[in-house]
Structure formats: C-alpha cells, structure tokens
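*Asks:* My questions will all concern the structure given below.
The values are calculated or read from the model by the stated rules, or taken from the named source; none is laboratory data. These figures come from a predicted structure and were not determined experimentally. With ideal geometry, Cβ positions are generated from the backbone for all residues, glycine too; neighbour counts draw on all protein chains shown. In case anyone asks, the SASA skips ligands and DNA or RNA and just uses the protein heavy atoms, side chains included. Shrake-Rupley method; radii C 1.70, N 1.55, O 1.52, S 1.80 Å.
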Amino acid sequence: MKLCTTIAALSLALASACELQTPPFGRPCDAENPCPNAYLCEDGQCVPEALAADAGPADAGS
Amino acid sequence: MLAVLAAVLALAAPAGAAAPPSDGPPDLVKKAYAAAEQQRYCDAVPLFLALHERAPHAKHLYRAAEVAFAARDHRLALDLYRSVLAAYPSFEKARLVNDKVRQLEVLQAKGDIGETCPEAARVCGDWVVVPGEQCDDGNAVDGDGCDANCTLTSCGNGIHTAGEACDDGNLADGDGCDGNCTASSCGNGIAAPPEECDDGNAIDGDGCDRGCVRSGCGNGVVGDGEQCDDGNDKNGDGCDRNCTRSRCGNGALQDGEECDDGNDKNGDGCDAGCRSTRCGNGVVSAGEQCDDGNLADGDGCDSNCTPTGCGNGIVTVGETCERGHGDPKLALLGGGLTFAGAALTISSPVMAGFGAVPLMDHAVAAQAIEDAEARAGDDLDAALVDAGTAQSIAADAKRRWETWGAPLMSAAAISLVLGVALGGAGLWLWNENTAPPPPPEDPADEERIP
C-alpha cells in the first residue's frame, strides 16, 4: 500500500513538473521576453497592469 | 662265633613256625628267620630291619643286631645294639644288650672290627625299600597296595590295576591315558586337547556339550535357544553365525542382503527384504508415497518416491518445469535479481529526494514572488526588488530542475517500478528453484510396489 502511494506521488510530481510555472511579478522582460496577460513590462520587470498604470503607459505586453 | 649264632638261633623262631600277625608280614618273618637259620646273617640283617619297619617291635631290631653280631660285623652290630637301647630302654633283654655293647666296645678298642657285610644288590620284591622304591611288599602282585614295580598302588604308577582303564605311568592328560587313568577321549572328565572342555557326560547345554565343546552358538551342537548350529561363524550357509537359519530378518548379514536388523519393520534403517531404508529400495516407508525399487523417473514412481506427475518436483515427459525441481543457476539468477530489485527499490526514494530539491526551491521562490506581488500595492519598488530576487532564485531552480531534477525524479520512478518488478521476479525464481517439493503424505500402510 505504501509502495503504491509512493508511486502515485512520484507520478503526480513528474506530471506537475513537466513545466514549472513561475509567477510573472518582477520577472525580467524585454521585447523578446514579453510579460503575460495582465502584466506590463516596466523598467525591464513585469508589473501588474493595475500598478503599472500609475507609473506610466505600458510599453510592452499584449 | 658259635655262641652268637646260638643266640641268634635261639631268638629265631623255629623254621616253619608261623609268627603272630603283629610280628609283621608273615612272609617277611619267614624269610628273615630262614636267612638266619641258613646262616646267611648278612642277608638276614636287612630283612629284620625291614620287619622292624613294618612291625616296630624291640625284638626285631634286637634280632637284626644279633644277626649282625653273628655275621661278625662288629660296627653294624654295635650300632644296632645301641639303637635297641635307645629306642627301647625298657627292653626285657636290656641287660644282655648292654653286655653285648660293652663286649663290642672292648673289641673295637682292640682294633677288632670284625667283618663288614657286603652291600647286597637290592631288587624290587626283596622286602627292603631302597631309594627309587615307594614300597616293597616282597611280592610282584599288583593292586595289593604295593605294586610289582615297588610303587604304591595308584593311578599313574604305570601298573594297570583294578578301577583303572589304563595307567601309563604318569598323570599327564591327552597322551592316550589321562590323569584319571581313563583313555584320553571326550567324556572321560578330563579336558585334554583338542577338547575345549570335558564334563564327563553327554548332556548338552550344561556348559560343556557333547563333543567336548563349550556350550554356545557355534559349537556345532544345537543348544537351547538355537535354531541350528553348524559349528562355524559363516553366514548364508544355511545356519548363520547367530545360530538361526539363514534368511532375511534373522539379524545376520549374508550375501544378497544390504542389511539385516533382525526384524521385518520398515523405515528403521533396514527394511523388510533386507534392503537399507531409502527411496528406491522397493519398500514404501515413512516419507515415501511410493517405491518401485528403482530411481528411474516417469515410470509411475519417480526417483523421489512420489508418483509421476506434475508437482512432484521431477520434470518428466510432458512437463517443462517443476516446482521444487531446483536449477542452481536459475536460483542464483533469482537471487541476483532479487538483490538488484531491492537495490533499485531502495535507491528510488533517495534519487527522488535529490531530484525534488530544485522543485522545492522553485516552490519557495514562487511563494516569495506571490508575497511580493501582494505587497506591491504598498511599496511597488520594494516589492519589485524582492520579486526580482525571488525570480532569480526561481529561474535557477527551474534550470536545475530541467537539467537534473526532473531526470532524477524520472529515474527514481523507473527505478522503483523496475526494482519492484525485478525483485518480484527474482523472488519467484529463487523460490521455484530452491524450495523443496511439497512433502509427500505419509503412507497409511507400508506396501511394496513392484
């Protein structure tokens, strides 16, 4: 039983680890590395649109 | 001289007169007096002395002295007279004897020793006992106490007398005439070679059997408790060395028998049929389901004494394998696989642990980014600084995860699956090739399966 649980946990870990998702806040960005939706590239870092609006118009993102 | 002769003759009994029985053997008395009468004085001296030996009266010794005196053997006469006085001080003629002693002493003093009686050749039967003779009764009659060879009548004196079957002059046994004067033979009571014993009877079982052999198995005489006795210690010749008739189960091992424990019990080391207890001896004993007397497989009863069939541990025609039919190589392979499987299984969590390190680092960094984003409304710059740092950590964790973390996790999973599979297979192989075949049921009864 313990063996089966271990196998299941490992399988889940492998599945979830196929691609690690990192939150975009503060991620370096530029023209080649745009920020995801709802984020703007401001001063080379991804910033939520809501906060970036105070800082000025967005220069990157889509 | 005449006086002496007269005196001697006066003492001598008249010729032909019978002397009283107490005087000694009449023949000797007669002979002694006859010698004196015939003036054979020197011959008469030993006869009177012999008479005195047999009937110790003073007169016999006195007459011996008198005839010695008559023979003019002064020295002998003097000795004999003195002996009379010494032995019979109250002798009625003591005064006369004293006179003779003085007379002879005077003569000797003058140097007159008279004559000396010659030593007569002594023969057996002359009444005079000389060295080499046990007795001499003056006759050659045997069995009268003193036999013709002047030995006392007895067994071993060389004279065959009444009560003796033989007499070879000795008491040695086995020389034809034994020490009890019976002919050397079995049953005469004397054990002489080649007799082991001789109890003088022909009763068997009393310690010494007929044939003069000691009672017991192997003496050739059937005694109590013996079925037979052929007098040898050979087995298988009809009568075995334990005096039982030659057969399986008599306790004596013989040709054609592997063993013989003296009983018909099976399974006690030596089975009925005198074959050692074992599979293949033709006797079903404990632990055997069958026994056809051989170790061939596939003939109905296989070499492990189980019926031919699947599951008996013997691969026979129509079977490709058998549980319990151990193959050492496969057992070794099973062992190896089991070990490898165990190693892989144990190593998988270790690999998984190492592989999860970048995953954990990334999770922590992601959480820090989310926390920083939550604080961004208060102080965006500070939050961006924290988020930037966390992003760097997350990126590094992601890179490590992608380069070795994920492969390590995959390897751990594969190791686990492979380990479990190999271990299981190895254990199965091991078990199949080392486990003994299922024990056969004890037979309810022991029977021969031809």
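*Asks:* Nearest 10 degrees is fine. How inclined is helix B:41-54 to the longest principal axis of chain B, computing both from alpha carbons?
*Replies:* It works out to around 50 degrees.
*Asks:* Within straight cross-link reach of residue B:31, meaning Cα distance under 12 Å, which aspartates and glutamates are found once same-chain residues fewer than 8 apart are removed?
*Replies:* Within the straight-line limit of under 12 Å, residue B:31 reaches these aspartates and glutamates: B:43, B:126.
*Asks:* Can you work out the FRET efficiency for the pair residue B:357 and residue B:417, with r the C-beta to C-beta distance and R0 = 30 Å, to the nearest 0.05? Before the final figure, lay out the partial values.
*Replies:* On the way: r = 22 Å, r/R0 = 0.74.
It comes to 0.85.
*Asks:* Using Cα atoms only, what is the angle between the long axis of helix B:380-400 and the major principal axis of chain B, expressed in degrees (0 to 90) to the nearest 10?
*Replies:* Here the helix axis deviates by roughly 50 degrees.
*Asks:* In a Gaussian network model over chain B where Cα atoms closer than 10 Å are linked, find which of B:371, B:261, B:23 has the largest mean-square fluctuation.
*Replies:* For chain B, modelled as a Gaussian network with Cα springs under 10 Å, the answer is B:371.
*Asks:* For B:105, B:257, give me the order by solvent-accessible area with a 1.4 Å probe, most accessible first, ignoring ligands, DNA and RNA. List each step's numbers first, then the result.
*Replies:* Working: B:105 75, B:257 30 Å².
Sorted descending by solvent-accessible area, the residues read B:105, B:257.
*Asks:* Sorted by packing (mean other beta-carbon atoms within 10 Å per residue), highest first, where do B:290-298, B:208-216 land?
*Replies:* B:208-216, B:290-298
*Asks:* If you don't mind, another one. Using modelled backbone amide H atoms (1.01 Å from N, in-plane), which distant-in-sequence or interchain residues come within less than 5 Å of residue B:209's amide H?
*Replies:* Hits under the 5 Å cutoff: B:214, B:215.
*Asks:* Accessible area of residue B:31, 1.4 Å probe, to the nearest 10 Å²?
*Replies:* Per-residue accessible area (residue B:31): approximately 90 Å².
*Asks:* Would you mind getting the accessible area per residue of the protein assembly as shown, heavy atoms of the protein chains only, 1.4 Å probe, in Å²?
*Replies:* 53 Å²
*Asks:* In addition: Quote the FRET efficiency, to the nearest 0.05, computed for residue B:170 versus residue B:116 with a Förster distance R0 of 41 Å and r equal to the Cβ-Cβ distance.
*Replies:* 0.50
*Asks:* Which order do B:329, B:59 take by accessible area at a 1.4 Å probe, largest first?
*Replies:* Highest to lowest solvent-accessible surface, that is B:329, B:59.
*Asks:* Taking the highest mean first, how do the peptides B:185-191, B:110-116, B:383-389, B:197-203 order by number of other beta carbon atoms within 10 angstrom per residue? All intermediate terms of the calculation are to be shown ahead of the outcome.
*Replies:* Values: B:185-191: 18.0, B:110-116: 11.9, B:383-389: 20.1, B:197-203: 14.4.
Descending mean neighbour count gives B:383-389, B:185-191, B:197-203, B:110-116.
*Asks:* Tell me, in nm to one decimal, what length is gained between residue B:367 and residue B:53 on full extension, where the rule is 0.36 nm per residue of separation less the Cα-Cα distance?
*Replies:* Contour length minus Cα-Cα distance gives 97.4 nm.
*Asks:* For chain B, what are Rg and Dmax over the alpha carbons, in angstrom?
*Replies:* Calculated on Cα positions, Rg and Dmax stand at 62.9, 199 Å.
*Asks:* Continuing with the same structure: Tell me the total accessible area that A and B bury against each other, 1.4 angstrom probe, in square angstrom rounded to 100.
*Replies:* Rounded to the nearest hundred, the buried surface is 2000 Å².
*Asks:* Follow-up. Hey, what do the phi angles of the range B:84-98 turn into as Karplus ³J(HN,Hα) couplings, whole Hz, using 6.51/-1.76/1.60 and θ = phi - 60°, x for Gly and Pro?
*Replies:* In residue order, the calculated couplings are 4, 5, 5, 7, 10, x, 9, 4, 4, 9, 4, 5, 5, 5, 4 Hz.
*Asks:* Quick one: Debye curve from the alpha-carbon atoms of the range B:111-183 only, equal weights, vacuum; give me log10 I(q)/I(0) at q = 0.15, 0.17, 0.18 Å⁻¹ to two decimals.
*Replies:* Rounded to two decimals, the profile gives -0.55, -0.65, -0.70.
*Asks:* What number, in percent, do you get for the relative contact order of the range B:69-186 if the mean sequence gap of Cα pairs under 8 Å and at least 6 apart is divided by its residue count? List each step's numbers first, then the result.
*Replies:* Numbers: 170 pairs, mean separation 16.0, N = 118.
RCO, the range B:69-186: 14 percent.
*Asks:* Same structure, new question: Can you list the equivalent-ellipsoid semi-axes of the range B:328-434, largest first and in whole Å, using the square root of 5 times each Cα gyration tensor eigenvalue?
*Replies:* 49, 10, 6
*Asks:* What number in nm² do you get for the range B:275-363 if you take the convex hull of its Cα atoms and divide its surface by four?
*Replies:* The orientation-averaged projected area of the Cα hull of the range B:275-363 comes to 9.6 nm².
*Asks:* Roughly how many percent of the accessible protein surface of the range B:328-434 is carbon and sulfur, given a 1.4 Å probe and a whole-percent answer?
*Replies:* Carbon plus sulfur share of accessible area: 73 percent.
*Asks:* Reachable lysines from residue B:110, Cα under 21 Å, same-chain residues fewer than 8 places away excluded?
*Replies:* Those lysines meeting the cut-off are B:100.
*Asks:* Residue B:428 accessible area, nearest 10 Å², 1.4 Å probe?
*Replies:* Estimated to the nearest 10 Å², residue B:428 gives 150 Å².
*Asks:* Let me ask something else about it. What FRET efficiency comes out for residue B:75 versus residue B:102 if R0 is 22 angstrom and r is the Cβ-Cβ distance? Round to the nearest 0.05.
*Replies:* 0.90
*Asks:* Here's something else I'd like to know. Label point 7 Å out from residue B:22 along Cα-to-Cβ: which residues of the range B:42-75 have amide N under 11 Å?
*Replies:* Correct set: B:57.
*Asks:* Dividing the convex hull volume of the Cα atoms of the protein assembly as shown by its residue count, what figure in Å³ per residue is obtained?
*Replies:* In the protein assembly as shown, the Cα convex hull volume per residue is 433 Å³.
*Asks:* Please list B:22, B:348 from largest to smallest accessible area, probe radius 1.4 Å, with all protein chains kept in place.
*Replies:* Output order, biggest surface exposure first: B:22, B:348.
*Asks:* Evaluate peptide B:399-407: per residue, the Cβ atoms of other protein chains within 10 Å of its Cβ; return the mean as an integer.
*Replies:* Mean inter-chain Cβ contacts per residue within 10 Å come to 2.
*Asks:* Also: If you wrap a convex hull around the alpha carbons of the range B:53-164, what volume per residue comes out, as a whole number of Å³?
*Replies:* 116 Å³
*Asks:* Below 8 Å, C-alpha to C-alpha, sequence gap of six or more: please give me the relative contact order for the range B:328-434 in percent.
*Replies:* 58 percent
*Asks:* Return the percentage of antiparallel bridges among DSSP beta bridges fully within chain B, rounded to the nearest 5 %.
*Replies:* 100 percent
*Asks:* Considering every residue in B:387-393, what mean count of other chain Cβ atoms within 10 Å of its Cβ is obtained?
*Replies:* On the way: counts 8, 6, 1, 5, 9, 3, 1.
Across the residues of B:387-393, the mean count of other-chain Cβ atoms within 10 Å is 5.
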